[in-house]
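The values are calculated or read from the model by the stated rules, or taken from the named source; none is laboratory data. Keep in mind that what you see is a predicted model, and the values were worked out from it rather than measured. Every residue, glycine as well, gets a Cβ built from its backbone with ideal geometry; the counts of neighbours run over all protein chains shown.
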Amino acid sequence: MQAIAVVGTKKSGKTTTAENLTRELTQRGYRVGAIKHVNEPDFVFDTPGKDTWRYAQAGAKTVIGVATNQTVTVEKTDTRILSLERLLEKCAGSDVVLIEGLKKDVAQNKEISKIAVVKSETEAENALKTYKPIIAFSGPYNTQSVYPKIPYANAETNPKELSDTVENILKKHAMQG
């Protein structure tokens, strides 16, 4: 499995980039996993008042909801001690896992490739200082004239081009593995 982090500032287009990559890679036959870090202290994934939420409120540490076409697992855990490796294990069976958020865990982790979504040259410069390795730039600011050695493709307007870059990484990773 190859992990690729989609990184950038707030409102840069990270979610749209990950969403469009997911759609395009899935259409190409890849099994895509996704990890999204929500940095809001009071956020809950489960719907307050629903049965699964009530089980968790009653003290259940793991709640699994089963519907016709999906399951959802809610684990009550201290996420400060939850490792990136453990999260990736939960995506077993995926060819590629797209990660949005978890900046501190992915920033300098050289095993996780990064796509930097940027809105300006300053953001691109900051991304190069903060994240290693960057395999591509995306977003509203075209970095090609400033950083010609790193591919640029705007996932919002041309997800196929960015997916080609990701697919090349996946093929290279498969050949090495």
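Considering only strands (runs of 3 or more DSSP E) fully contained in segment 45-103, which possess at least 1 residues that are free of Cβ contacts under 8 Å to residues at least 40 places away in the same chain and farther than 29 Å from residue 24 by Cβ? Even if it seems obvious, please write down each step before you answer.
Numbers: elements: 62-66, 71-75, 96-100.
Of the strands (runs of 3 or more DSSP E) lying wholly inside segment 45-103, those with at least 1 residues that are free of Cβ contacts under 8 Å to residues at least 40 places away in the same chain and farther than 29 Å from residue 24 by Cβ span 62-66, 71-75.
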Can you spot a residue in segment 124-137 that is outside any loop (DSSP other than H, G, I, E, B), within 20 Å of residue 19 (Cβ to Cβ), touching a residue at least 60 places away in the same chain (Cβ under 8 Å) and not aliphatic (A, V, I, L, M)? no
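With modelled with pLDDT under 90, surrounded by fewer than 17 Cβ atoms within 10 Å (Cβ to Cβ) and of a type in the set (S, T, N, Q) as the only criterion, which of 108, 27 stands out?
The unique qualifying residue is 108.
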Tell me which residues, restricted to segment 28-59, are closer than 27 Å to residue 105 by Cβ and among the aliphatic types (A, V, I, L, M). 32, 34, 35, 38, 44, 56
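Looking only at segment 85-93, decide whether some residue is in contact with a Cys (Cβ under 8 Å, 6 or more places away or on another chain), within 30 Å of residue 60 (Cβ to Cβ) and of a type in the set (A, V, I, L, M).
The answer is no; no qualifying residue exists.
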